[in-house]
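The values are calculated or read from the model by the stated rules, or taken from the named source; none is laboratory data. This is a predicted model, so every value here is computed, not measured. Neighbour counts run over all protein chains shown; Cβ positions are idealised from the backbone, glycine included. Please note that ligands, DNA and RNA were not included when accessible areas were found on the heavy atoms of the full protein model with its side chains. Shrake-Rupley method; radii C 1.70, N 1.55, O 1.52, S 1.80 Å.
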Amino acid sequence: MVNLRSNFELEGVPLVNFINLNDEEKEMLRNWRNHDDIRKLMYSNHIISPEEHKIFIDGLNGDNKNFYWLVKGNNGEYVGVISLNRVDFNNKNSYIGIYANPDCNLPGVGQILMDCLKKIAFEIAGLHTLKLEVMETNEKAMNFYTKSGFAEEGKLKEFVFKDGKWQDVIIMGTVNKQEE
């Protein structure tokens, strides 16, 4: 079985596993995650403290189901974060997570992140199915996921309480087309 706690380089794009980050990179990621544009799209939108962030990253050392990578562009610029969550190696499926550096102006950054995520999931980890959850109000993300080959598969009714009201969460998924 492949070690998903590893760093990878995919077509010249370096991916650094969160457990291998230096202190400066860890703090940079905490600042991204606390950025208003990212925080508002997450289930948990409180400001993450340095202690909470450290506990989260330290906890990944013994976690066999959740894997996170910092993605750098081939020019060395930090472009975003990708993750495989709730990985089920027996049934070859996982949920994904993705967000771009809020200060990155690189064209096509979302596609770079998605391409890396699919390569890790399908080519390296040998997964068959990927799922994601997205809040119904995040139309930009749903359009991006649809263009990336994901389709709506279900809905979690009134699953998240945001901005004083309940929101549905859309479940989307895709299957490894390379297996066919």
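The table below gives the values:
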read-out: Residues of region 139-180 satisfying the condition of being among the aromatic types (Phe, Trp, Tyr) and surrounded by 14 or more Cβ atoms within 10 Å (Cβ to Cβ); value: PHE144, TYR145, PHE150, PHE159
read-out: Tally, over region 63-76, of residues that are out of contact with any Ser or Thr (no Cβ under 8 Å at 6 or more places or on another chain), more than 11 Å from VAL13 (Cβ to Cβ) and open to solvent by 40 Å² or more (accessible area, probe 1.4 Å); value: 2
read-out: Residue match in region 141-159 (condition: over 16 Å from the mean Cα position of the chain (by Cα), polar (S, T, N, Q) and modelled with pLDDT under 95); value: no
read-out: Which listed residue, of ILE98, ILE120, ILE112, is modelled with pLDDT under 95, crowded, with 16+ Cβ neighbours inside 10 Å and either hydrophobic (A, V, I, L, M, F, W, C) or in contact with a helix residue (DSSP H, G or I) (Cβ under 6 Å, 6 or more places away or on another chain) (or both); value: ILE112
read-out: Neighbours by Cβ (under 7 Å, 6+ apart or cross-chain): first from region 57-79, in contact (Cβ under 8 Å) with a residue 24 or more places away in the chain and aliphatic (A, V, I, L, M); second in a loop (DSSP other than H, G, I, E, B) and open to solvent by less than 60 Å² (accessible area, probe 1.4 Å); value: LEU60/ASN66; LEU70/LEU21; VAL79/GLY73; VAL79/ASN101; VAL79/CYS104; VAL79/LEU106
read-out: Restricting region 123-134 to residues that are hydrophobic (A, V, I, L, M, F, W, C) and within 17 Å of ASN3 (Cα to Cα), the residue that is most open to solvent (accessible area, probe 1.4 Å); value: ILE124
read-out: Condition broken by LYS54, with the remaining ones in (1) assigned to a loop (DSSP other than H, G, I, E, B); (2) over 21 Å from VAL169 (Cα atoms); (3) open to solvent by 70 Å² or more (accessible area, probe 1.4 Å); (4) touching a helix residue (DSSP H, G or I) at 6+ places or on another chain (Cβ under 9 Å) satisfied; value: (1)
read-out: Candidate set from region 24-51 (those that are open to solvent by less than 70 Å² (accessible area, probe 1.4 Å) and of a type in the set (A, V, I, L, M)); member that is farthest from VAL160 (Cα to Cα); value: MET28
read-out: Where ALA141 falls short, out of the listed (1) outside any loop (DSSP other than H, G, I, E, B); (2) in contact with a strand residue (DSSP E or B) (Cβ under 7 Å, 6 or more places away or on another chain); (3) without any contact (Cβ under 8 Å) to a residue 60 or more places away in the chain; (4) closer than 23 Å to TYR68 by Cα; value: (3)
read-out: Residues of region 77-92 that turn out to be touching a strand residue (DSSP E or B) at 6+ places or on another chain (Cβ under 9 Å) and surrounded by fewer than 18 Cβ atoms within 10 Å (Cβ to Cβ), as a count; value: 5
